[in-house]
1. Pick from Val211, Val186: which is outside the structural domain of Val77 (by TED's automatic domain parsing) and either over 19 Å from Val150 (Cα atoms) or among the basic types (Lys, Arg) (or both)?
2. For Tyr36, work out the one condition from (1) in contact with a Pro (Cβ under 8 Å, 6 or more places away or on another chain); (2) on the phi > 0 side of the Ramachandran plot it doesn't fulfil.
3. Could you tell me whether any residue of segment 138-148 is hydroxyl-bearing (Ser, Thr, Tyr), at pLDDT below 90 and either over 24 Å from Ala80 (Cα atoms) or touching a Pro at 6+ places or on another chain (Cβ under 9 Å) (or both)?
4. Can you say whether Tyr109 is surrounded by 13 or more Cβ atoms within 10 Å (Cβ to Cβ), among the hydroxyl-bearing types (Ser, Thr, Tyr), free of Cβ contacts under 8 Å to residues at least 60 places away in the same chain and within 25 Å of Val28 (Cα to Cα), as far as the supplied structure shows?
5. Pull out all pairs, ordered by first then second residue, where Cβ-Cβ is under 8 Å, the residues are six or more apart or on different chains, the first lies in segment 177-188 and is among the polar types (S, T, N, Q) and part of a loop (DSSP other than H, G, I, E, B), and the second is surrounded by fewer than 17 Cβ atoms within 10 Å (Cβ to Cβ) and modelled with pLDDT of 90 or more.
6. Check whether at least one residue in segment 168-181 is surrounded by fewer than 14 Cβ atoms within 10 Å (Cβ to Cβ) and among the polar types (S, T, N, Q), and report yes or no.
7. Can you report the number of residues in segment 77-126 which are in contact with a strand residue (DSSP E or B) (Cβ under 9 Å, 6 or more places away or on another chain) and of a type in the set (Gly, Ala, Ser)?
8. Among what's in segment 189-217 and is in a helix (DSSP H, G or I) and touching a residue at least 60 places away in the same chain (Cβ under 8 Å), pick the residue that is farthest from Leu168 (Cα to Cα).
Amino acid sequence: MGADVSARRSLLPRLLYVEDDAEIAGMVTEVLSEVYDVDHLADGAAALTTALRENYDVMVIDRRLPGMDGVALVAAVRTARITTPILLLTALGGVSDRVEGLDAGANDYLVKPFDFEELLARLRALVRGYRAEGERRHLGDWLFVPRSGVLHSPTGLRVALTPTESSLLDVLSRSPEHVFSREELVGAVFAAGDSPGSVDTYVHYVRRKSVPEIIETVRGMGYRIGVPT
């Protein structure tokens, strides 16, 4: 039974839910778990750490949180160049409060108390729009579209990547603050039995097709996505 539940969860879109009110969180998590693979956290600072490390399809963040408030959390996520759609929840319904949340980088805003059907509908719209956009990622002045494996240069040049090159850039750009060891990248991108040297080879290929700064070497640790111009 446990294996069946785990298999089902792996097929669901991933959602990060940040709410410190245990009673509200319990009810909302139960509803969301019918549709999403939900990770619930009650602390803003802990949620930021998780958001930087994991890859989510959508986030639901309460405005008032311990550790780091919701608006600051949204702003920090956007500063880290994570483009995952975010729905901000709040008991504050004033125009200035909504504007502050949206200006911080939230995609939508829902005032408590809310109807679960409306919450689910808004989340469907956010996820649908995000996927339709092709999950485009801005890498400095460059634009990467993982689904098509294409890089667009600042001058409009279209660079086609091989599946392996695209997969490497996808993994790196999905967690832009994380430094990946060669072993991590071998496990995430390459076939079983490939050596860490394959990582170096494909980093070279991607750099040669674009610019050296697109992938940053962190001495003694590995690689992370760069900020190319």
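The values are calculated or read from the model by the stated rules, or taken from the named source; none is laboratory data. What you see is a predicted model, and the numbers here were worked out from it, not measured in a lab. Positions of Cβ are backbone-derived with ideal geometry, glycine not excepted, and every protein chain shown enters the neighbour counts.
1. After ruling out the rest, the residue left standing is Val186.
2. Failing condition for Tyr36: (2).
3. There is no residue in segment 138-148 that is hydroxyl-bearing (Ser, Thr, Tyr), at pLDDT below 90 and either over 24 Å from Ala80 (Cα atoms) or touching a Pro at 6+ places or on another chain (Cβ under 9 Å) (or both).
4. Yes: the conditions hold for Tyr109.
5. Correct list of pairs: Ser181/Met221.
6. No.
7. Summing the residues that are in contact with a strand residue (DSSP E or B) (Cβ under 9 Å, 6 or more places away or on another chain) and of a type in the set (Gly, Ala, Ser) in segment 77-126 gives 7.
8. Glu213
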